[in-house]
Each structure stands twice: as structure tokens, then as C-alpha cells.
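One structure is given below, encoded as C-alpha cells.
Where a number appears in this text, it was derived from the coordinates with a stated rule and is not lab data. Remember, predicted model here, so these are calculated numbers, not experimental data. When we count neighbours, we look across all protein chains shown, and the Cβ atoms used for this are built from the backbone with ideal geometry, even at glycine.
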Amino acid sequence: MGPINIKTLLVVMCSMFIVACAMAPGHYLDDSQFEIEKLSKEDKKQLKSDISVIPVTARLITEINQKTPKAIPKENPELEEQKSRYDYRVGPQDILTITVWDHPELTIPAGEYRSADIAGHLVRNDGTIYFPYVGVIEVAGKTIDEIRLLLTEKIKKYIVKPQLDVRIVAYRSQKVHVVGEVKKVGAVPLTDIPLTLMGVIDAAEGVTAEADLQNVTLTRQGSIRKLDLQALYDYGDTTQNTILQDGDIVHIPDRSKKKVFVLGEVKNPSAYLMHKGRITLAEAISEAGGFEPQSANPNKVYVIRGEKDKANIYWLDAGSPATLLLATNFTLDPQDVVYVSTAKLSRWNRIINQILPSVQLIWQTDNLLKNN
């Protein structure tokens, strides 16, 4: 076998170069389609129907901020009205204590070792209790004042000017369930003090670090209402608070869906969770360790966002300090993909590094054939 012809070698090298261009190592996004000014009319038309490329500018940031609701306290007069009208109504399994002043024989003695809930009057499942002289009376669905007036009316046949005191010592009939990312999952009883959404979180000993407070759900009689507790805690939006009712289910979801993906030429490409449901472009890149100094192209930073039936591509030229500051004010949405493009020289070096061992093998083979 004779030595390898130089022309043959060049053809082989060119073929390998073409293959290497398509198979260069590392993640690569073909961003040439985002450079609208270089596209043909047909390509621009097709691109417009599929995606929108939007440069990140100071004007865009201003427009976004104008559309974003301002973080200001919001009053909730309806909630205050509900609190003022709230009355606890007795139900089955509640326990009452009834005191008739100056008539200890009608008051069940608690005794030294008997708690009031054990010695009290248990509301039966049919909603009734038994009281001396009065007999069986229905108390379910009534307030404490209504029960006191009812007993007074019935017992005055036997006692002159009776004075009664009625209290609830154990609240068992009505409950709200809290589940999800709280420290104490379970049922929280309703009492004579109105229970709000904030109150049930406090009763559950607070939320865990993985809680997504922006998407709390309240399920009531088959309907689901979404509430933003983060807005309530951060800037006093009391419209997100509400009084709870018997049978309500409060669910605090985790924040697994509140993440963004940072890919391309950053030091630690990965998915990153949003803190309190918020993260800016600059924070996301910082979380990923920043740009790769040897390979990143800061002039081409893209945020890919799916919106309805198309994708919006936000392009930031972060090559200068002035434009890089825009990244600190560009807020990302959940599931956004941040991509930092590769510098052309770095891609070329990767291609060379891939084909260099093969070229060296060809030359070594040629030298061996020549020597033989």
C-alpha cells in the first residue's frame, strides 16, 4: 500500500470537519433564526407565526413594570363585615356547660379531678341535650345567646327570675382541614372566634420552606378558589384573606413548579427554584454560577417563554454594564428557559479538539506507510 495522497487526506479532513460541525460536543442552540435582520421574507413570515423575538430594553422593562400590579396594601371591608356578623352555632358533639346561679343542684359539679368538657352537656347526634326540669331540647344550629334565652324561658316555670350562663367548653362539631406544605397537617376546629386563612396557617404551626404561598387553594362545597398568601404577607393585600367555614379544605402546594431552567454557557446549568415565587434574569444567571468566561457569548442571552399558542424569545445583549443592569429588573416567569449562547471561537475550538485526534491518526498512518 502506497502513501496516502495529500488530496485524499484533505477530502477526508473536510468530511470530518463537516461531521464535526454537526456533532460538536456541548449543548448548542441554533440562534441564527433569532437574528431577524438576516432572514428572508418567507422565513420572517414563518418565524412571526411561531415565535416572537423581543429585545430586552429599558422601554420593555418600563412597559412590564406598568402592567405589573403595584405592591400596595389593600383593604377588605367585606372581611371586616363578616367578622362583625360572625356567630358560632352549636352542633353535634359540642360540649356545653350550663350554670343556674343560686341553684347549684341544677349545675353539674365539675369536681376536683373532672374537667369541664367531661362534666358538661354533650350535644347528641340529633342536636339535642337534656337539662333538669326542661327535659330534652334542641340546641343544634343555635347560638349561645339563643340557647340561654330558650332555657331561661322554659325553666322560669319552676324558678323565679332564673339567671343562666351557657358556655361551650369543647368545640367538636365543625372543622377545617389544612393539608400540604404546613408543619402540622390536620383538622382545625372552628370556635366562637372567626377562623381566617391566616389563622388556620398559624394553627398549623406555619408553612415549610417548600411552600408555594402564591397558589394556595381553598376548596368549599366542590368549588375551588385560588388565593395569594404571599401578597397578603408581603404587602398586606387583605383581599386574599377570608373567613373559613365548616368542611373547608386549605391546600398549601409545594414550589416544585416554581422553577426556571438555566442552560448553555454557564458554570452550573440546572433548574433553579424561585424564592417566594420571584427571580430576576440576573439572579438566575448568578444562581447558575455566572457566565463561563472562556466560552460564553454574553451578547446573546435568551429567555424562552411559552405563552398560549406561541413562544416569546426575549433577547438580552449583556455585553455592556448598562444592558447587564436590565437583567436585574427583568423578572422571570415559572418554567422560563434561560439560554446563554456559545462564543463562535469557543465552538470552533471544540470542533478542532474533536477532529484533531483523528487528523493526528491519519498523519501517523501516512508516516508509517512512507517508512515501509
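Remark: relative contact order (the range 106-258) = 19 percent; criterion is Cα-Cα distance under 8 angstrom and separation of 6 or more residues. Working note: Karplus 6.51/-1.76/1.60 with θ = phi - 60° gives the range 324-331 the couplings 5, 5, 4, 5, 6, 10, 8, 7 Hz, where Gly and Pro are set to x.
Here the 3J(HN,Hα) profile of the range 181-197, calculated from phi with Karplus coefficients 6.51, -1.76 and 1.60 at θ = phi - 60°, is 7, 10, 6, 9, 6, x, 9, 10, x, 7, 10, 6, 9, x, 9, 9, 4 Hz, Gly and Pro shown as x. Remark on Glu181: its backbone amide H falls under 5 Å from those of Ile252, a criterion applied only to residues 5 or more positions apart or on other chains, H modelled at 1.01 Å from N. Database remark: amide H of Arg255 closer than 5 angstrom to the amide H of Asp212 (H placed geometrically; neighbours at sequence offset of 5 or more, or on other chains; Pro and chain starts carry no H).
Around the Cα centre of the range 174-252, unit charges on the Cβ atoms of Lys, Arg, Asp and Glu (plus for the first two, minus for the last two) sum to a dipole of about 260 debye.
Can you bin the range 233-346 into rounded, prolate or oblate? Criterion: square roots of the alpha carbon gyration tensor eigenvalues sorted a ≥ b ≥ c, rounded for a/c under 1.5, prolate for a/b above b/c, oblate for the rest. Prolate is the answer for the range 233-346, as a/c is 1.5 or above and a/b outweighs b/c.
Tally Lys and Arg at +1 and Asp and Glu at -1 over the other residues with C-beta under 12 Å from the C-beta of Gln221: what net charge comes out? That works out to 0. Here the range 174-252 carries DSSP beta bridges of which approximately 80% are antiparallel, counting only pairs with both residues inside.
When the charge dipole of the range 174-252 is built from unit charges on Cβ atoms (+1 for Lys and Arg, -1 for Asp and Glu) and taken about the Cα centre, the candidate among Ala211, Gln240, Ile224 whose Cα reaches farthest toward its positive end is Ile224. Would you work out if the range 163-227 is rounded, prolate or oblate? Take a ≥ b ≥ c from the square roots of the eigenvalues of the alpha-carbon gyration tensor; rounded if a/c is under 1.5, else prolate when a/b is larger than b/c, oblate otherwise. Since a/c reaches 1.5 and a/b is larger than b/c, the shape of the range 163-227 is classed as prolate.
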